[in-house]
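For reference, the structure is listed below as C-alpha cells.
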Amino acid sequence: MARAVKKLSARAAATLAAPGRHSDGDGLYLVVDTSGARRWLFLFRWQGKLKEMGLGGLSAVSLAEAREKAAAARQILKAGKNPIEQRRTAKEERLTAVTFGSFAEEVVKSLSQGFRNDKHKAQWSSTLTTYASSLWHKPIDEIGTDDVLGVLTPIWHTKSETASRVRGRIERVLDAAKAKGLRAGENPALWRGHLDKLLPARRKLTRGHHAAMPFDDVPGFMADLRSRDAMAGLALQFCVLNASRSGEVLGARWIEIDRKARVWTIPAMRMKAGVEHRVPLTDAALAILNQAETVRRGEYVFPGQKPDRPLSIMAMEMMLRRMKVEVTVHGFRSSFRDWVGERTAFPREIAETALAHVVGDATERAYRRGDALEKRRALMDAWSCYLAS
C-alpha cells in the first residue's frame, strides 16, 4: 500500500498543540515542542542511520515551503548525496562568495579611468563606504530590496541629493554584477517602476546654508555636550573642535592619528575635494582621543555597535536631537567660519584651508606648495580656547 502523504493542513499546522512529531508523510514532520514552538523536520536514512534535517520554524517557513524543501532534499538523496552535507557545502560557498564591497571596489577602479578627476573617484568610494556600509560584507547575490531601503531610508529626506547619488551608484554596481553573472533577477536599487513605489518623492535640492548655531552659543553647547557620556558625544566634540565634516570624523581610523606630531591625516578618498587633508590636533582634541582609546575595539576611532564598523552616519544628528538643538552637524563649520571672520585676525585663506576648502585658482594653488599646518594650528588652538571659555 502506498504511503499517505500530505496529511497536514495549514490550519492543523498552526493549531496543533500536542507535543511531539506530527507526520505530513514522506519524511516531513512538524515538531511541536513542550514550549509550544513549532518547527519542521525532515527524516531520512543515510548509510543505514536515521538522520534529522531541520527545515526552519513554522513562523518563518510555511507548510507549502516545508514541502518544497523536503522535496528538494529527496531529490538530493535520489542523486546519491547527503542533503545535510550539501546544505553545509552551499553555506560555506556563500561565506566565500563575492561581497558587495569587494566588487564595488573593482567597479570604481574600472570606472575611474573615465572619471573627470580624482575628486569624482574619491566621492564614488566615499559615498559607498560611508552610506552603504551595511552592504559591504554581504554576498552580492543576496542583496535585496530591503537591504537597499535600509541604506536609503535614513537619509532620503535629510540628505536627499546624497541619497539619490548613493542609490544610483548601488544600482550601477549591481548591474555590473549581473553582467558578470554574479547575480540574477531585477536590480533592487532600480528607481523607475520599483523604488519609486516604495519611497516618497525626494525633496528637490535647494541651495542654501545648513542650519547653524550662532558662534556665541557654541561654548555653552560644548559644555553641555561634554557632560554626556556617549561615543556619539565624543565624536561630535571632535567634529566641532576640528571644524570637520561628519564623514571625515566617523570614518577616522587610529592609523591616521600621529600623536607625537599632533596631526590627524585624512586620506583623499574620504575628503570632499579628493585631496589628503592634515588636521592639527589641539590639547582638547587629543584628550578626546585619549577617552576614545579607553574603549578601543578595532581600527575606528569612534566605533559603532557592530564589530569593525564606525558609528552610524546618524549618530551625531541623533545626539543633537536628544539635546533638542535644531542645527546640523555640518552647521558647526559655519559657526567656526563666522567666528574666525568676526572675532579673529586670522587670514581668510587660513580659515578656508582649515575647512578643507579649495583656495584660489589653479595658478595660485600651483605656487602654494604647503598647507599652512602651523598657521592653522594656531587658529585651531584659538578656537579650542574659545570653545572652553
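Read-outs: derived from the displayed coordinates by stated rules, not from any lab. No experiment lies behind these values; they were computed from the predicted model shown. Neighbour counts run over all protein chains shown; Cβ positions are idealised from the backbone, glycine included.
Things to note:
- Proximal charge balance of G57 [Cβ under 9 Å; K/R count +1, D/E count -1]: +2
- Longest to shortest principal axis, alpha-carbon extents of the range 278-322, angstrom: 26, 26, 21
- Counting beta carbons within 10 Å around each of K49, K178 and listing the fewest first gives the order K49, K178.
- Fluctuation leader among F42, F103, F215 - the chain, Gaussian network, Cα springs under 10 angstrom: F42
- For the chain, a Gaussian network of Cα nodes joined below 10 Å ranks H194, H22, H277 by mean-square fluctuation, and the top entry is H22.
- Distance distribution note for the range 10-95: the fraction of Cα pairs above 20 angstrom is 36%.
- For the range 210-361, the Kirkwood radius over C-alpha pairs fed into Stokes-Einstein at 4 °C and 1.567 mPa s yields D = 81 µm² per second.
- Gyration tensor analysis over the Cα atoms of the range 100-197 returns equivalent ellipsoid semi-axes of 19, 17, 12 Å (largest first, whole Å).
- Binned Cα-Cα distances of the range 159-288, short to long, each 10 Å bin given as a whole percent: 10, 27, 27, 22, 12, 2
- Using just its DSSP H runs of length 4 or more, each adding -39500 (n - 2.57), the chain gives a mean residue ellipticity at 222 nm of -13500 deg cm²/dmol after division by all residues.
- Based on the convex hull around the alpha carbon atoms, the chain presents an average projected area of 27.4 nm².
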